[in-house]
Amino acid sequence: MGPRSSAESSSAESESSDPLSRDDYTRVIELLLPASGYLVHELTGMGGFGNPDGTHTTHMGIVRLGPDTQHRRIDIKVYPSATISAAIIHFTGSAQFNRFLSRAARELGYYLSSDGLFKLPPNHPTRAPRPPNLAPLRCPEERDIFDQLGLLYVEPTRRKDKSDVLLPDGTPFWSTKAGAAARAAANPALR
């Protein structure tokens, strides 16, 4: 099993980037931080801030759960439903696993971040930034992202380091000739 063909990829793309509106964001924050008194200071204000392309919004604040407890910083990230699976992978994997999974995606012609999985244009330089007008692929479940990349799904508890980025036969993507062959097949520029 390898990465999906361009025909399959185009049918998997979301019809829109499903950006969050200010009203959507405000409703989510109000649901999570009701007038309970937990939020003692807002670092970003109810307007929050988000990515310029509307892929997610973050609210930062200081909370206190009771008079005898410490103040804690809280970051609440709100993602559109179309890209939540990428956000879940990002926040459940270790930093090292995420780095190598994202690098594997790049080697296979994709861009992966907490904002979604994007199919890069042919011959896009591996280290170049993601083009700004790409729509994320429709991957409602974490498994869909691994399937799109042609990689074995890895449970969140096993997402530790680069040896956990696996080809379908269970061999590590980064330490085998098969991984090099998969990268070359997906990205003709590497041949």
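The values are calculated or read from the model by the stated rules, or taken from the named source; none is laboratory data. Here the structure is a predicted model, which means the values were calculated and not measured. Reconstructed Cβ throughout: ideal geometry from the backbone, glycine too, with neighbour counts over all protein chains shown.
Which number in (1) assigned to a helix (DSSP H, G or I); (2) surrounded by fewer than 20 Cβ atoms within 10 Å (Cβ to Cβ) marks the one condition that P67 misses? With (1) assigned to a helix (DSSP H, G or I); (2) surrounded by fewer than 20 Cβ atoms within 10 Å (Cβ to Cβ) applied to P67, the lone miss is (1).
Give the number of residues within the stretch 70-89 that are closer than 15 Å to E142 by Cβ and surrounded by 19 or more Cβ atoms within 10 Å (Cβ to Cβ). Total satisfying the criteria: 7.
Within the span defined as the stretch 127-145, one or more residues are modelled with pLDDT of 95 or more, touching a strand residue (DSSP E or B) at 6+ places or on another chain (Cβ under 7 Å), outside the structural domain of L31 (by TED's automatic domain parsing) and surrounded by 17 or more Cβ atoms within 10 Å (Cβ to Cβ). The condition of being at pLDDT below 90 and among the aliphatic types (A, V, I, L, M) holds for only one of L166, L190, L152, that being L190.
One line per residue, one yes/no per condition, for (1) over 28 Å from M60 (Cβ atoms); (2) in contact (Cβ under 8 Å) with a residue 12 or more places away in the chain; (3) in contact with a helix residue (DSSP H, G or I) (Cβ under 6 Å, 6 or more places away or on another chain):
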site: S81; (1), (2), (3): no, yes, no
site: S85; (1), (2), (3): no, yes, yes
site: S94; (1), (2), (3): no, yes, no
site: L101; (1), (2), (3): no, yes, no
site: L108; (1), (2), (3): yes, yes, yes
site: F118; (1), (2), (3): no, yes, no
site: H124; (1), (2), (3): yes, yes, no
site: L152; (1), (2), (3): yes, yes, no
site: D161; (1), (2), (3): yes, yes, yes
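So, in the stretch 146-174, how many residues would count as being acidic (D, E), over 17 Å from S85 (Cα atoms) and surrounded by 15 or more Cβ atoms within 10 Å (Cβ to Cβ)? Total meeting the criteria: 2.
Quick check: anything in the stretch 82-91 outside the structural domain of L167 (by TED's automatic domain parsing), in contact with a Phe, Trp or Tyr (Cβ under 6 Å, 6 or more places away or on another chain) and modelled with pLDDT of 80 or more? No.
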